[in-house]
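What follows is a single structure, written as structure tokens, with notes after it.
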Amino acid sequence: MKRVCLLIAAAAVTVSAQSGPHDARAREIYKQLVEINTTDSVGNVTTAAEAMAARLKAGGFAAADVQVIGPDPRKHNLVARYHGSGARKPLLLLAHLDVVEAKREDWSFDPFVFLEKDGFFYGRGTSDDKAMASQLTANLIRLKQEGFAPDRDLILALTADEEGGKFNGVDWLVKNHRNLIDAELALNEGGAGQMKNGKYLINEIGASEKVYQDFHLESKNPGGHSSRPVRDNAIYHLSDALGRLEKFDFPVNLNEVTRTYFERMAAFQTDPATAADMRAVAKQPPDQQAIARLSAASSYYNALMRTTCVATMLSGGHATNALPQLATANVNCRILPGEAPQAIKQKLIGVLADPKVQVAFVDEARPSPPSPLTPAIMGPMEAITKAIWPGVVVVPTMGTGATDGLYLRNAGIPTYGVEGIFYEIDDNRAHGRDERVGVKQYFEGLEFQYRLIKALASHP
């Protein structure tokens, strides 16, 4: 490890945007991926996977080392192998190709046209997760052309169905082609850098994540003619219950990772009051007023401190001139590690406080164990961070959203959210309108990933 860190330090240079042919290639790949619609409704992940396969083969990869496979014709995965000496088990490099839905009328411009404007790259998937997919692809081509000889195989997996499809991606690969992706450890999304007003603060390494769980809410009624309304209305029952959920906060429950996060973040705050609140929250027991202020100031801080449940879909009625016989809603919960989904269900029933609103699980929650923060991963991560962004601190984090890392962790492959792309802490547009990534930050992340892959594939 000492030799690797010395090499990293010696390579410390200023990272500039679009400084050479490798950067130009990465931008081309990024643009190509964003402009391939990979939504679940009308998109085609296979098209994107095949495009990246063609890029890799053109960059020097043997056809036998590049596979595009999957059970659904529209949702194939790319798995490519860069052969090393075999001295250690492989390193898996994971990113997903599918994206959430994006409607043109909701955006300022076409979400499936790659746009560079005012120092940002815009488009659906620019941050989640086609930035990382393009960086990993471009960096493997760069390493191949440079003749890099790793001491372990590098496996690239660009996958489908991370955003909520039906098991055609990492879950399917683990169950059906474990040999293709088996590795000592994996790098994945979920560990972005944070900055405040352009000041770089921390570089995250995601070691655990909250548990994804949907609940189906349903209110039934005999209905009737709308000309004779009654107060016993399925839509009213459901809407009143959701109104009670809106006002409810789950209790704060910090763990070692989130407590450390607030302790370290306090040192980077320009506002003394916010810094004081972070330190107060990190204490045992945490200060309740500080919790309230931080929760109100940032949805991210709020999500780190507690389980969250929010209504995400709503449906009701069957005719414009009839009383509704059925009203339904989906409530999406992100449950803290260690909290039982069944207990969250019972709490929801109590908060909704209406026996005419039934609550049921949608699928089964899949908790995953945290990944150990060993010197083998933390050493290179901290050394490269220091070389590229002096003064930035590496902080372990808990992901507030779910990733495919849970399938790998449950399969015994420690997985780390490591991106190297920095975002404004209060400007999270993933899954939202006008999704974007800073141009400068994208190319910094490209260099960061390049150095990290080399460090993790060079024997200490």
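The values are calculated or read from the model by the stated rules, or taken from the named source; none is laboratory data. Remember, it's a predicted structure, so these values are computed and weren't measured experimentally. Because the Cβ atoms are built from the backbone with ideal geometry, glycine has one as well, and the counts that use them run over all protein chains shown.
Flag not set for residue 320, criterion: in contact with a Gly (Cβ under 8 Å, 6 or more places away or on another chain) and surrounded by fewer than 19 Cβ atoms within 10 Å (Cβ to Cβ). Within the stretch 351-460, considering only strands (runs of 3 or more DSSP E) that don't extend past its boundaries, which have at least 3 residues that are at pLDDT 95 or above and over 19 Å from the mean Cα position of the chain (by Cα)? Filter on the stretch 351-460 gives 358-362.
Of the numbered criteria (1) over 27 Å from the mean Cα position of the chain (by Cα); (2) assigned to a helix (DSSP H, G or I); (3) surrounded by fewer than 16 Cβ atoms within 10 Å (Cβ to Cβ), the one residue 284 fails is (2). Take the conditions closer than 24 Å to residue 456 by Cα and of a type in the set (Ser, Thr, Tyr) and apply them to residue 134. Does it pass? For residue 134, the condition - closer than 24 Å to residue 456 by Cα and of a type in the set (Ser, Thr, Tyr) - is met. Residues of the stretch 232-276 that are surrounded by fewer than 15 Cβ atoms within 10 Å (Cβ to Cβ), touching a strand residue (DSSP E or B) at 6+ places or on another chain (Cβ under 9 Å) and part of a helix (DSSP H, G or I): 246, 256, 267. Scanning the stretch 299-324 for residues that are touching a Pro at 6+ places or on another chain (Cβ under 7 Å) and either part of a strand (DSSP E or B) or polar (S, T, N, Q) (or both) returns 306, 316, 323.
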